[in-house]
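Each remark here refers to the structure printed beneath this line.
The values are calculated or read from the model by the stated rules, or taken from the named source; none is laboratory data. None of the values given here were measured: they were computed from a predicted structure. Cβ sites come from the backbone with ideal geometry, for glycine too, and all protein chains shown count toward neighbours. Each accessible area value is taken on the protein alone, full model and side chains, heavy atoms only, with ligands, DNA and RNA left out. Shrake-Rupley method; radii C 1.70, N 1.55, O 1.52, S 1.80 Å.
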Amino acid sequence: MGVEPAAYLKGLAEAASEMRRHTLDLMRQNRLERAGQILEIMDEVYSLLIAVDFPDAITAGLRHTTDALRGVLERTRGDLTTAIRQEMMRQALREFEARLDLSDAQSGRDDQAAL
């Protein structure tokens, strides 16, 4: 590609940080499984970048960019965890409401049968 290795690695870190925006969009669309897949990719990029252990003079400040990615990754993980828990709560409420509706319907039939 004709790019210096340090610039490529910093670009990779920046791209992984930008994936947060896509992950948030997926969460808003309730596509939590796909958001989780994107988070895994972000985590993989971070794991690869953290293994690069060269002085900042050689990597052009990669460590700082990688540290920033870590913060983005943790915020995204927290947001996704919250979204998943909220969806679980919504599903539990739907199931509870369905049981209540079924119970009310059964109770109404019992009342009519008694008349």
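Expressed as a whole percentage, what fraction of the accessible surface of the chain belongs to carbon and sulfur atoms when a 1.4 Å probe is rolled over the protein heavy atoms?
55
Starting from 0.36 nm per residue, how many nanometres of slack lie between residue 41 and residue 14 once their C-alpha separation is accounted for? Walk me through the numbers on the way to the answer.
Details: separation 27, 0.36 × 27 = 9.72 nm, distance 1.31 nm.
Between residue 41 and residue 14, full extension yields 8.4 nm more.
Using only DSSP helix segments of four residues or longer, with each worth -39500 (n - 2.57), what per-residue ellipticity at 222 nm results for the chain after dividing by its residue count and rounding to 500?
So the helix-based figure for the chain works out to -31000 deg cm²/dmol.
Tell me the per residue accessible area of the chain using a 1.4 Å probe; a whole number in Å² is fine.
Per residue, the chain has 71 Å² of solvent-accessible surface.
Answer with a single label: of (i) 1.09; (ii) 1.79; (iii) 1.21, which was calculated as Cα Rg over 2.2 N^0.38 Å from the structure in view?
So the structure-derived entry is (ii).
Relative contact order for the stretch 19-115: what is it in percent, counting Cα pairs under 8 Å that are at least 6 residues apart?
29
Please give the net charge around residue 94, taking every other residue with its beta carbon less than 14 angstrom from that of residue 94, where Lys and Arg add +1 and Asp and Glu add -1.
Result for the neighbourhood of residue 94: -2.
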